[in-house]
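These notes are about the structure you will find just below.
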Amino acid sequence: MLPLTGHIEVFEALLQYGTKPGEALMCAIDKEDTAAVQTILKYSPQVDGSPSAAFPSEVTPIVLASHKNSLPLIKVLVDQGRFIPDPGVVLNKDDHAHQNLYRGLVSPYYILLTNDDPLSRAFELSSRLDDVGASKPEVEEVYAEMAEGTRSLGVDLLDQVWNRDEAAAILNGGDEHSPLIHGDDCQMELSKLDMAVDHEQKRFVAHQWSQRLVNECWYGAGKYFTPTTNIAEYLRGFVLMLLTPILALIYLLAPMSVPGRFVRTPAVRFAMYLASVITFIVMVFLRAEKIGYNGPEGGQLAPSGTVLEWLIFVWILGMLLEEGRLMVKNGPLASLTAMGIMTWVIIVIYLAAFFLRVASHVEHGGPKSLYRFYWATYDTTLIAEALTAVGGVLAILLLLPLLTYDRFLGPLALSMSHMVKDIVKFLIIFFIVSIAFSAGLNETYSFYSDVVDNICLTQLENATSPLTATDCDTSNAFGDFESSFEELFWSLFGLGSKDTLNLEVNPKAVSPGDPPLQEHTLTMYVGQALYGLYLVVAVVVLLNMLIAMMSNSYQHIADNETTEWRFEVTKLMLRYIRDDTTLPVPFNLIPNPKFIYNNVIKKCCLRQRYKREMDNKLQAQAENNRRYKEVLARLVRRYLLLHEREKGVEPIFADFTPHDPITMATTTYL
């Protein structure tokens, strides 16, 4: 076959006389010869390229052009109606074939030319590639690389934004409020940014335009206050926290007034929420200190519960209402974040403790003058107290996720959350090692423990242990499996003892006329060797491995500190920007006039007005979507022009003007 470049006239003449192009199309695409491809398709528009040993069967012309990421070739083939099939529905293909198809799908030019919403397509495709890679560990790094490429496309498009209005149009695509109207101080919901958070687009979320719009909404579009220094920010937040009851009362009485609109500012709502959490933690701490306790002597609880206990119960009901509302609104999976799971665990623990207290009151008729040492081992009151203790620990730990908002403590809090995962992985390995050595040491020493116990039981008076390292008052630490495991666990912290490994006999334990006791040195040396080997494996190897894992997690956060911190803070801020609940716990238990008006009166008595508002929201959403597509088309055009100029190729879209959107294909595949 003749090389196509420089022989276009000859090749065109052959095609005119009916010559079959055979592998010429694939060869031309492989050499990125756009003129040859156009010539072949002009005379043989349906040709797909003959099967060849050079390319797998799934690598069609459009797939190969996407692998080359050649804009002219992809545009020629897409204009002819050629698209890459969905790998998820392609049957009879192996993993390598799916990789080839996905590698074509992630081509930036292919995404831009075949989707009317390439930004959303890039988000969804990156998450899909992550899922596919997680299900195929042997090629996970391949799919991770492709997923990172799609994430880069979103960032590159956002880099093409020129001003605030374009950023607002992109980040508010799908909103029910116009991004140019700040009616309630800032009604932008940043729907597209929320989508980026859901798809873990960290660099997109941490982009300067994303952060600018988030902060604008966070502070109410600068109407009430603006970002200041850290000290001023802390002081302002502290004042707002102290004013939480007054602010809540103002919103309950006049939600649509100017002060009521001020209360709806996300920064104010966050300060009120923080005040609620700190108040709850203070009550838990005071409850642990038995402040307000008025029960009888002997350690019993108060007959009807203390004031603090009832206040804690009210807080738990408010938390249950809030988390339940979020679960109904956002779905179970979306609401079960790290902080959401912890909150649900606290709710369940305290509710269980409350019902156990009620059951105890019904069972016993209230506390009696009976000291705790006479209570049943699993008395309902004891179980309730144990649950409350665990719930108190988790309640205080609620402050850790909230520290993410702080610029200095946030990265440390993020590092700690990543280290928890390392600790869980470490514990799995540690328990396997501990169980193995516990079984071995228990096998070695359990018989000797039984012998000592029998001798001490038969000699009721002046009983003497046959071993010098033990006596009749203390049992061997390795006498059973549970004791062996416990001994090995505490030995990690220097609280173990090797005396029980000693099998030296006690001559005083031999009665006159009895044969002398024999020392089993082999058994003792084996036990000491196992114990020493355990300490080497657990302390020297495993603990240092844990330290290395945690250091790696910390270094990962430190290397990407700005991106990781901005992403986590934005997740926290979007909850208050997008959420429509204003009052924190426990004020959310009080039905406010605005809630009754919007959800009862308007829907039942003012249906026409409610219908008009819904129509207005639909119109605003349609307008936002129109502006989103218009601005996105500009960004796509700028992206294409920029990258073609960098390659030294004459731009395909040379007639670009900044205010005219390009026409993109509306057919979306996958």
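Numbers for the structure displayed
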| read-out | value |
| --- | --- |
| Pairwise label distance in nanometres, D86 with E141, each label 7 Å out on the Cα-Cβ vector | 3.2 nm |
| Protein accessible area in region 106-161, 1.4 Å probe - carbon and sulfur % | 49 percent |
| Separation of alpha-carbon centers, region 552-592 and region 304-325, rounded to whole Å | 23 Å |
| Accessible area of Y531 in the full protein assembly, 1.4 Å probe (Å², nearest 10) | 20 Å² |
| Chain lengthening between R164 and L382 when straightened (0.36 nm per residue, less Cα-Cα) | 72.5 nm |
| Rounded FRET efficiency, nearest 0.05, which uses the C-beta distance separating K421 from Y374 and R0 of 45 Å | 0.50 |
| Among the listed pairs K136/K425; K571/K629; K421/K617; K329/K611; K31/K192; K42/K68, those beyond 31 Å (Cα-Cα) | K421/K617; K31/K192 |
| Inter-label distance for N544 and T581, nm, one decimal - labels placed 7 Å from Cα along Cα-to-Cβ | 5.0 nm |
| Among 199-208, 144-153, 404-413, the order from most to least packed when residues are scored by Cβ within 10 Å on average | 199-208, 144-153, 404-413 |
| Derived scalar couplings ³J(HN,Hα) [region 70-82; Karplus, 6.51 cos²θ - 1.76 cosθ + 1.60; whole Hz; x for Gly, Pro] | 9, 4, x, 5, 4, 5, 4, 6, 5, 4, 8, x, 9 |
| Calculated FRET value between I341 and E124, using beta carbons and R₀ = 30 Å, to 0.05 | 0.75 |
| Karplus-derived 3J(HN,Hα), 6.51/-1.76/1.60, for each residue of region 314-325, Hz, glycine and proline x | 5, 4, 5, 4, x, 5, 5, 5, 5, 5, x, 5 |
| Förster-model FRET efficiency, 45 Å R0, V390 and M614, C-beta, rounded to 0.05 | 0.45 |
| Length gained when the stretch S551-L286 is fully extended (0.36 nm per residue, less Cα-Cα span) | 91.8 nm |
| Backbone HN-Hα couplings from phi across region 433-445 [Karplus 6.51/-1.76/1.60, Hz, Gly and Pro as x] | 5, 5, 5, 4, 6, 5, 5, x, 5, 5, 4, 6, 10 |
| Potential extension, Y525-L351 segment - 0.36 nm per residue separation minus Cα distance | 57.3 nm |
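The values are calculated or read from the model by the stated rules, or taken from the named source; none is laboratory data. This structure is a prediction, so every number in the text was calculated from the model and none was measured. Reconstructed Cβ throughout: ideal geometry from the backbone, glycine too, with neighbour counts over all protein chains shown. All accessible areas refer to the heavy atoms of the entire protein, side chains included, with ligands and DNA or RNA removed. Shrake-Rupley method; radii C 1.70, N 1.55, O 1.52, S 1.80 Å.
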